[in-house]
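Here's the structure we're looking at; comments come further down.
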Amino acid sequence: MDTGVLLVHLVASVAMAALPLVFFRRDGDAGRFNLRWWLTSSPFLAGPLFIGLAYFGITSPLVDPNSDLGRALVVASVPFGIAATAMMCATMATHRIPLSLWHQEYDAPRSIVTYGPYRYVRHPFYSSFLIMLMGEVLYSPQVGTLAAFALAFAILNATAAREEARLSASEFGAEYVNYKANTGRFIPKSGGVA
């Protein structure tokens, strides 16, 4: 398995892991790394763990990394790692103030962000996390990386649905409902730039 490509994926994982420490606000008890936070984070911790284990030969990918298909998948994984890191950075650059670590019940929205990466998807951080995990699946297709991606998708989809319901019911509801109709949750809608 290629060390340079492994580093691309580890950089994306480190960038994501740094977000709660350098970008998100952690307000009082709401900012603690509680059980819910650790459960939500688990697939994002598992993905890099499994690719590292495969790199050191402790676990075996479902596709031989030395086969033509295995090498092609490793190469195909590179744009995912780079895109995930770039999207995280672009999303951070969009915000003028740090976001809450968790969207708490009392954390009322101050505005609806519809520019930068939010012009294309409603949840660009979540999209970047899924892109990162998809790159890890391509780099090392194994049960662990596939399970991490599936679990992350389920968790982020449920979290996004809760956030969207709260935003739709907020003082910005009408604006958000219009934005939601024209913008995809994790993937841009065809012709749907808000």
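Since every read-out is calculated from the coordinates, none of them should be taken as a lab result. Given the structure is predicted, the values throughout are model-derived calculations rather than measurements. Counting neighbours? That spans all protein chains shown, and the Cβs are built from the backbone with ideal geometry, glycine included.
Summary of values
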item	result
Spatial separation of Cα centroids for the stretch 1-24 and the stretch 41-66, in angstrom	15
Helix 68-94 axis, angle to the chain major axis (alpha carbon atoms, nearest 10°)	30
Selected from V11, W38, M88, residue furthest toward positive end of dipole (the stretch 3-182; charges at beta carbon)	M88
Packing-based exposure ordering (other Cβ within 10 Å, fewest first) of E164, E171	E171, E164
With Cα atoms, 0 to 90° folded angle of helix 173-182 axis to the chain main axis	40
Interchain or long-range residues, amide H under 5 Å from G184's placed H	R122, K189
Residues V22, V78, V137, sorted so that the one with the fewest Cβ neighbours within 10 Å comes first	V22, V78, V137
Within the chain, helix-based [θ] at 222 nm, where runs of 4 or more DSSP H residues each add -39,500 (n - 2.57), nearest 500	-21500 deg cm²/dmol
Modelled FRET efficiency - R0 25 Å, A154 with L69, Cβ distances, 0.05 increments	0.35
Nearest-ten-degree value, helix 143-168 long axis tilted from longest Cα axis of the chain	10
Efficiency of FRET from Cβ geometry, L35 and H95, R₀ 30 Å, rounded to 0.05	0.65
